[in-house]
Amino acid sequence: MNVIELDGVTKRFANVTAVDDLSLAVPAGCIYGFIGPNGSGKTTTLRMIMRILLPDRGHITVLGDSATLAARDRVGYLPEERGLYKSMTLRRLLRYYGRLKGRPLADVDRSIGEWLTRLDLVQWADRKIETLSKGMSQKAQFIAAIVGSPELLILDEPFSGLDPVNAEVLRESVLELRRRGATVVFSTHDMATAEKMCDRIFMIFRGRKVLDGTLDEIQATYGFDTIRVRTSDGVASVVGLPGVEAVSDYGNVQEVRITIDAQEFLRMLVSRTVVHQFEIVRPSLHDIFVRIARPEQDETIAHA
């Protein structure tokens, strides 16, 4: 069963086509990642799924229903623009969101207690939202999205701005929700997180779908044209070699995209420097993202 289906969806703003003839299906029980450059149409697509925006053309089904108010009580949403009622206490705010979803108060309070404990906010439960730090507020907004025990959870950039500890807590929470049977859709610019967490990955670029599948399926499309090397001379040893299409420099290690036979490339590299590591790998999701979003780039891509 698919919990979300889009068929030929288009959305325009004045003369700008934000989403162009988009079709996709999100299977039940999966973690489905939305990736794409800024302005590519990710948030517009998520807002149409949530019925905050309506498509100009096409058809959207959520949890088997295509009505405008379909399944609202069964969907949790964390918007990209964070915002909470600052004068309310945290517990009262969470009760309000839980009751909006039609959940009995006893169930809501049980859920609030569990998630305040899990996200280390118990001591702040009766404090006003305005007293919370930015990281605490983000965790509070996450709880507000899930306190109603949604079947489908839509998160727009959920890890943005979080420190590593809080980002890890949220990642663990998302995985726990999936284990309980929820379907999770989230957008992110963190390709490493998408690689590690997502069962399926969708990429939108200039309003159109350019990737949709498992990480293995996506990587297989791009083949084994990437070499991971570590040499005595670093990036200088690979720049300028024949057959080198692009280089991602990570300091001690370089990932080199080649258009020639790997053994021929190794022969040339050995003639130039001492090679400590040479590995033929599939391109990372980061590399694939860059290839699509910056197809004109042929020079070295530096990563500080």
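Only the coordinates and a few stated rules stand behind these numbers; no lab work does. Computed from a prediction, not measured in an experiment: that's the story for all the values here. Note that we place each Cβ from the backbone using ideal geometry, even for glycine, and neighbour counts take in every protein chain shown.
Table for the structure above
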| item | result |
| --- | --- |
| Long-range amide H partners of residue 275 with built H, under 5 Å | none |
| Viscosity 0.890 mPa s, 25 °C: Kirkwood-radius Stokes-Einstein D of segment 223-302 over Cα pairs, µm²/s | 196 |
| Rounded to whole Hz, the Karplus (6.51, -1.76, 1.60) HN-Hα couplings of segment 208-216, x for glycine and proline | 10, 6, 10, 9, 6, x, 6, 4, 4 |
| P(r), alpha carbons of segment 45-164 - 5 Å bins starting at zero, rounded % | 2, 11, 21, 21, 19, 13, 8, 4, 1, 0 |
| 9 Å beta-carbon shell around residue 8, net charge (K/R +1, D/E -1) | -1 |
| Other-chain or far-sequence residues with amide H under 5 Å of residue 19's (modelled H) | 11 |
| For segment 280-287, 3J(HN,Hα) per residue [Karplus equation, 6.51 cos²θ - 1.76 cosθ + 1.60, θ = phi - 60°, Hz, x = Gly/Pro] | 7, 10, 6, x, 6, 4, 4, 5 |
| Residue 264/residue 176 FRET efficiency (R0 41 Å; Cβ-Cβ; nearest 0.05) | 0.25 |
| Local net charge near residue 87, Cβ-Cβ under 14 Å (Lys/Arg +1, Asp/Glu -1) | +3 |
| Angstrom value of the Kirkwood radius, inverse mean 1/r, which spans all Cα pairs in the chain | 21.4 |
| Normalised per residue, the volume of the convex hull around the Cα set of segment 146-304 (Å³) | 140 |
| Within the chain, helix-based [θ] at 222 nm, where runs of 4 or more DSSP H residues each add -39,500 (n - 2.57), nearest 500 | -9500 deg cm²/dmol |
| Cα principal axis extents for segment 110-227, largest first, Å | 55, 28, 27 |
| Vicinal HN-Hα couplings computed from phi for segment 8-13 (Karplus, 6.51 cos²θ - 1.76 cosθ + 1.60; Hz; Gly/Pro x) | x, 7, 10, 9, 10, 10 |
| Amide H contacts of residue 205 (H built 1.01 Å from N, under 5 Å, at least 5 apart or other chain) | 210 |
| Nearby lysines by direct alpha-carbon distance to residue 42 (threshold 19 angstrom, same-chain neighbours under 8 apart not counted) | 11, 209 |
| Two-decimal log10 I(q)/I(0) for segment 1-95, as the Debye equation yields it once each C-alpha is a single scatterer, q = 0.19 Å⁻¹ | -0.98 |
| Set of lysines near residue 134 by C-alpha distance (under 16 Å), chain-local residues within fewer than 8 positions excluded | 86 |
| Within-10-Å neighbourhood charge of residue 37 [Cβ basis; K, R +1; D, E -1] | +3 |
| The chain, relative contact order [Cα under 8 Å, separation at least 6], % | 19 |
